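FYI, it's all coordinate maths here, none of it is from the lab. These numbers were taken from a predicted model, which means no experiment stands behind them. Every residue, glycine as well, gets a Cβ built from its backbone with ideal geometry; the counts of neighbours run over all protein chains shown.
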Amino acid sequence: MTSTKRDFLAVTDFDRDGLLHLLERARRLKSGEEGGPLLAGKSLAMIFRKSSTRTRVSFEVGMTQLGGHALFLSDRDSQMGRGESMHDTAKVLSGYVDGIMIRTFAHAEVEELARHATIPVINGLTDLLHPCQVMADLQTVQEVFGPSLEGRTVAWIGDGNNMANSWLNAASRLGFRLRLACPEGFDPDADILARAGSAADVALTRDPAEAAEGAHVVTTDVWASMGQEAEAQARATAFAGFGVDEALMKRAAPEGIFLHCLPAHRGEEVSAGVIDGPRSRVFQEAENRLHAQKAILAELLG
Ligand code: CP
Ligand code: NVA
């Protein structure tokens, strides 16, 4: 238990230098320049109130590689599933473990957990934000284009969801251009969009081709996120024309790459030709979850 702690609930919890330091640390952890038992004897509780493959495995393996240990807690077999509050859960876990990673629905729940925990809390995805994913995405962009993100253009095509909001937060801190194309009614969070718009070169359009023009990174995500399964049909209709296909990628810069946080639906938000094609970096991006996670863990729990 510690008295001062640092959380990672949003990309904007760190300033520009802090984010660049995390990315540099992720690079060094990946290359092997840094490593070893940085978190020997430390434990991370991982609360999953939604499904996960990448987030669970990367955090759990990341803790093991850093000499620590991770525990998986789900609603099915913890008292949270029977209604125990975030307040009580935060206080109890703070007495056992050194950090908490949580994936849930309402962002307010994560903030509540962080408020009452005396240990670092990491957001492993909420309906509002997915900050850990964007760190892995930025690491991938640096690997392809070099460390400087300034002057790069990122095109977000599709739903103004947790990933879109996190890209906006990243743009507001790191100064790359962000072009978003979202159908009407599916815009990013209005406050996050406004804040990013006052800090960075950000533009929202209804036209995917306009957003993708000259982009170094074209990225998208599922049209129905976890918790929106009942809306899937209506969303598929609303998002017609917002799929990333070969024609849209032709609009991007010649060296432009495709990213997707995964899981993906081929034939919906992205064509098989793009996600499985030469410009796709999605598996490099998925691997980078491990390195980005380790950097966040080492920084917050170390
Ligand atoms: N991208 C991502 O967060 O994947 P999982 O849902 O598998 O964790
Ligand atoms: N927007 C997606 C991301 C999954 C990693 C969701 O929230 O389900």
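Against the chain, whose longest principal axis comes from its Cα atoms, helix 162-174 is set at around 90 degrees.
How much length is gained if the chain between GLU213 and ALA40 is pulled fully straight, taking 0.36 nm per residue apart and subtracting their Cα-Cα distance, in nm to one decimal?
On the way: separation 173, 0.36 × 173 = 62.28 nm, distance 4.73 nm.
Once the chain is fully extended between GLU213 and ALA40, it gains 57.5 nm.
For the pair THR53 and GLU287, label points projected 7 Å from Cα toward Cβ lie 1.7 nm apart. For the chain, the longest principal axis of the C-alpha atoms and the axis of helix 282-301 are separated by about 30°.
Spatially close Lys pairs in the chain, defined by Cα atoms under 16 Å apart and a spacing of eight or more places or different chains, total 4. Start at zero, step by 5 Å, and the Cα-Cα distances of the stretch 51-163 spread as 2, 10, 17, 21, 19, 13, 9, 6, 3, 1 percent across the bins. Which one, PRO278, GLY18, LEU193, projects farthest toward the positive side of the charge dipole computed for the chain from Cβ point charges (K/R +1, D/E -1)? Towards the positive end, the residue furthest out is GLY18. Residues of the stretch 185-207 falling in the label zone of ALA106, defined by backbone nitrogen less than 20 Å from a point 7 Å along Cα to beta-carbon, are 189-192.
Please work out how much length the chain gains when fully extended from ALA272 to VAL92, using 0.36 nm per residue of separation minus the C-alpha to C-alpha distance, in nm with one decimal.
Working: separation 180, 0.36 × 180 = 64.80 nm, distance 4.61 nm.
My answer for the length gained is 60.2 nm.
Can you give the angle from 0 to 90° between the axis of helix 131-145 and the longest principal axis of the chain, with both taken from C-alpha atoms, to the nearest 10? On a 0 to 90 degree scale, this one is about 50.
So, R0 is 30 Å and r is the distance between the beta-carbons of ALA194 and ASP75; what FRET efficiency does that work out to, to 0.05?
Given R0 = 30 Å and the Cβ-Cβ separation, E is 0.30.
Calculated FRET efficiency, THR205 to ALA230, Cβ-Cβ distance, R0 = 25 Å: about 0.30 to the nearest 0.05. When the Cα positions of VAL202, PRO263, THR4 are compared along the charge dipole of the chain, THR4 comes out farthest toward the positive end, with charges on each C-beta of Lys, Arg, Asp and Glu.
May I ask you to derive the FRET efficiency for ARG16 and ASP187 from their Cβ-Cβ distance with R0 = 35 Å, giving the value to the nearest 0.05?
Working: r = 26 Å, r/R0 = 0.73.
E between ARG16 and ASP187, to the nearest 0.05, is 0.85.
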